[in-house]
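These notes are about the structure you will find just below.
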């Protein structure tokens, strides 16, 4: 399916979503509160069928976070980047999608571990890479690491 058609479907489903054609993928931004509903539609709608979550990360923009999900449909051979905009920088949270795409279970744990984003209803949200007693979230822009001298 062409990107313009995908954009049209998404704007009909979620009027608050914005879209842009990035260098490689169609990029969809949606408020965190609307994210889960749109993700379900992208996964299960017959014309979309984004059945493969192949990457996930997060970006700290100082005043908000964006979780970034790369999706692909193996049936229709189309891809997009879905971004959940999390406005609350002090207490970032968004609904989990690990029951929609199983690969999200570990990817969400990694984002939680390194950025401190909480994924509501995640079945096992705990640190993945860092020790349980680690203080802070090292990929946040406000993180201070006096011991290891991480410079930003």
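With an 8 Å Cα cut-off and a minimum separation of 6 or more residues, compute the relative contact order for the chain in percent. Don't jump to the answer; show the numbers that get you there.
Values: 269 pairs, mean separation 26.9, N = 152.
That works out to 18 percent.
If I take R0 = 22 Å and measure r between the Cβ atoms of residue 54 and residue 20 in this structure, what FRET efficiency does the formula 1/(1 + (r/R0)^6) give, to the nearest 0.05?
Working: r = 20 Å, r/R0 = 0.91.
E(calc), rounded to 0.05, equals 0.65.
When each pair of different Cα atoms in the stretch 16-94 is counted once in the 1/r mean, what is the Kirkwood radius in angstroms, to one decimal? Walk me through the numbers on the way to the answer.
Numbers: mean 1/r = 0.0776 Å⁻¹.
Hydrodynamic radius (Kirkwood, Cα only) of the stretch 16-94 equals 12.9 Å.
Would you mind calculating the gained length between residue 1 and residue 143 on full extension (0.36 nm times residue separation, minus the Cα-Cα distance), in nm to one decimal? Can you show the working numbers first?
Values: separation 142, 0.36 × 142 = 51.12 nm, distance 4.18 nm.
Result: 46.9 nm gained on full extension.
Counting only helical runs of four or more DSSP H residues, what would the 222 nm mean residue ellipticity of the chain come to if each run contributes -39,500 (n - 2.57) and the total is spread over all its residues? If you can, show how the numbers build up before the last one.
Numbers: 3 runs with 36 residues, N = 152.
-7500 deg cm²/dmol, from helical runs alone.
On a 0 to 90° scale, report how tilted helix 32-44 is relative to the longest principal axis of the chain, with both axes built from alpha carbons and the result rounded to the nearest 10.
For 32-44 against the chain, the angle is about 50 degrees.
Between residue 130 and residue 37, with labels modelled 7 Å along Cα→Cβ, what's the label distance in nm to one decimal, could you check?
Using points 7 Å along Cα→Cβ, the separation is 3.4 nm.
Taking only Cα atoms of the chain, what ratio of Rg to Rh do you get with Rh as the Kirkwood inverse-distance radius? Please report the intermediate quantities before stating the final value.
Values: Rg = 16.1 Å, Rh = 16.1 Å.
Answer for the chain: 1.00.
Relative to the longest principal axis of the chain, what angle (0 to 90°, nearest 10) does the C-alpha long axis of helix 104-115 take?
40
Measure nothing but the geometry: give the 0 to 90° angle between the long axis through the Cα atoms of 3-13 and the longest principal axis through the Cα atoms of the chain, rounded to 10°.
With both axes taken from Cα atoms, the answer is about 80 degrees.
Take every DSSP beta bridge with both residues inside the stretch 62-152 and express the antiparallel ones as a percent of the total, to the nearest 5.
On the way: 9 of 12 bridges.
Roughly 75 percent of the beta bridges in the stretch 62-152 run antiparallel, per DSSP.
Have a look at the DSSP beta bridges in the stretch 3-120 and tell me what percent are antiparallel, nearest 5.
On the way: 21 of 30 bridges.
Percent antiparallel among DSSP bridges in the stretch 3-120 is about 70.
FYI, it's all coordinate maths here, none of it is from the lab. Only a predicted model underlies this, so the values are computations on that prediction, with no experimental measurement involved. Positions of Cβ are backbone-derived with ideal geometry, glycine not excepted, and every protein chain shown enters the neighbour counts.
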